[in-house]
Structure formats: structure tokens, C-alpha cells
Amino acid sequence: MGCPSQIPGWFPVAVVFLLILGTGFAYIDAICHVTHGVLRQWEVSWFLVLLCLTVTSLLRTMLTAPGQPPASPPAIASVSTLPGRPSGIVCIDGKMNGAPRYCRKCKQWKPDRSHHCVECGRCALRMDHHCTFVGNCIGLRNHKYFLLFLLWSALTAAWISKSLLLTLNFSEITQRRLPIRIYIELVGSVIVGSAVAIVLGAFSAMQFWFMFQGYTTIDFMEKKGTKRFGKPYVNYYNVDFATNFLQVFGIASSSSSFSCLTLPIRWLLPVHPTIPTDGIVFPLSQRYLEDHPCAVGTRDRSRAES
């Protein structure tokens, strides 16, 4: 569920919905007055598909909690071993004495990459940021939905601009006697569609770049270029493009051929992803093992015991 519990907190969310619905109504009303037959069906049908994906992604971003840390750290023996992750290592971003971080407001421990959100009043697993315009924290459980919302919003806005700028014959339209509101809707849809496509397209590119580099927005804004314990910050969570992508968009739910074949389709749809992490333990890059030789021994001893 979303974070804001007061009406003012939902005002930006209401603005987003009004912008989507208002622009959508203006576009459909305008396109139905200036196109005919197959062209009208083609333009409106694809727009409705994109609009449905956008709204569904937005709702899932708003209504899906990012995930909260457990009340206490898991026992070392219960920590699942992930590819590239030394067994027995629970906390990477802990204190200098190796102890995990502690949230004084929630009065509980904070796993790696978890942060306390002031607006929500709670800690969020692998928190990316708090988004005022969706009324929720973006974290482990809804990060995929947020990225899809950005992607489909940009594509929907681009489709509106494409339809009205490239498909229509404006010289013919100006000669027809159309209601004044149609001309207003045409101009307004082009302006809003172009502006949203450019802004959200650039923001989507930045967010996807963060994901492929293994960063959250908080990681990049607060840690990149800084020093930790006197050493330059190294993003040990940047394993590789594929692993970083699967950490957000999910893996196949089973080893069946059907699950593997439909996985790329599931990546594009706002459906629940099978995330290969619990938000407490994450895969680490080879750089971590190089910088912490003792971790290799820990991993090797664990394998030998098993």
C-alpha cells in the first residue's frame, strides 16, 4: 500500500492520474474526429494497449509495498548462498566493527541497501527512493513496476506525438470545419505528449542505467565518488548487466520450457517477478572477493563442510 496517509500526500498522485486521463481523453476525442476507418482503429487500439500498461504499472507501483526488513538479522547458517556471494557474510555495508546498521526510528536492524523513509515512517528493503508522484517508496518488491511505469508512460506519450505529428494531414484538417475544442485538443496533446516523452524518456534512461550498473538511486547519489573507511567507494553489487537486470525484473519461476519462453514477455508486463534475492543477501562482484581475500576462505570452507 502507498505511504501518504493524509490528503495532501495524495495530491501529486491525483495530478498524475488527471494528467494521464485528461491527455488520453483529449487524444481519443481528437483522433476520432480527424481520422477514418482502419487508421482510426489502428491508432486508438495501440494507444489503449499502451495506456492500459501504463495505468496498470502505476497502480502496482502505488499499491505494492517495497518490503520491510525482518525484526532481527537471520542466523548465519540460515543465509542462503547466492552466486558470487560468500557464504556466511550477512552485512557488507555495516559499521566499522562489522555490526549491522540499526534504525533508531524503527528500533530494529537495517540490512544492506535498506533505508528509513521519513514520508512512509518505515524502512524499505533495497530502497531506491521515495517517489512523491506515486505516493510510495520504490524498493525491492515494486522496483520493476516503477521502471515499467516510466517506460510505458514515455512510449504512450511518444505514440500520441507520433500520431498527431506524422499521421495526420494538417493542411486537410485546417480546411475542415471542426469544433474549436478539437483544435485545442490537437495542440494540447502534441505539447503534453512531446514534453512527457522527452522528460520521462530521459528519466527512464537514467533509471535503467542505474539498474544495469547495479546501483539504486540512493547508492548513486549518496555513495558514488565518496570514501568509506578511508577508501574510495566501490559498488560491490555491480555483478554484470544480466545479473543486475534479473535482480529487478526477475527470473523464471521454474525450469520448465514454458516458464523460460514466457519470461521475456513477463519482463514487459506489470506482473509479479520472481526476484532471486530476499532483500537481505545480494550477489557480489568479483571485486569484493579481490578486496576481501578472507571471504574466499569463508566461501571455500562452507563448500567443503557441505
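I need the full set of residues from segment 220-232 which are assigned to a loop (DSSP other than H, G, I, E, B) and surrounded by 15 or more Cβ atoms within 10 Å (Cβ to Cβ), in order please.
Passing the criteria: only LYS223.
Looking only at segment 192-219, which residues are part of a helix (DSSP H, G or I) and within 23 Å of HIS115 (Cα to Cα)?
Of everything in segment 192-219, those that are part of a helix (DSSP H, G or I) and within 23 Å of HIS115 (Cα to Cα) turn out to be PHE203, SER204, MET206, GLN207, PHE208, TRP209, PHE210, MET211, PHE212, THR217, ILE218, ASP219.
State all residues of segment 176-191 that are in a helix (DSSP H, G or I) and basic (Lys, Arg); if no residue qualifies, say none.
Scanning segment 176-191 gives a single hit, ARG181.
Which of the residues spanning segment 113-136 are touching a residue at least 60 places away in the same chain (Cβ under 8 Å), in contact with a Lys or Arg (Cβ under 8 Å, 6 or more places away or on another chain) and on the phi < 0 side of the Ramachandran plot?
SER114, LEU125, MET127
For segment 233-266, how many residues are free of Cβ contacts under 8 Å to residues at least 60 places away in the same chain and either under 14 Å from LEU148 (Cα atoms) or part of a helix (DSSP H, G or I) (or both)? Show your work before the answer.
Taking segment 233-266 first, the residues free of Cβ contacts under 8 Å to residues at least 60 places away in the same chain are 233-235, 238, 240-242, 244-247, 251-266.
Next, only the ones that are either under 14 Å from LEU148 (Cα atoms) or part of a helix (DSSP H, G or I) (or both) stay: 241-242, 244-247, 257-266.
Residues flagged as free of Cβ contacts under 8 Å to residues at least 60 places away in the same chain and either under 14 Å from LEU148 (Cα atoms) or part of a helix (DSSP H, G or I) (or both) within segment 233-266 amount to 16.
Laboratory data are not the source of any read-out in this text; all were calculated from the coordinates shown. Bear in mind that the values here come from a model prediction, so they are computed numbers and not experimental data. Heads up, the Cβs are rebuilt from the backbone with ideal geometry, glycines too, and the neighbour counts pull from every protein chain shown.
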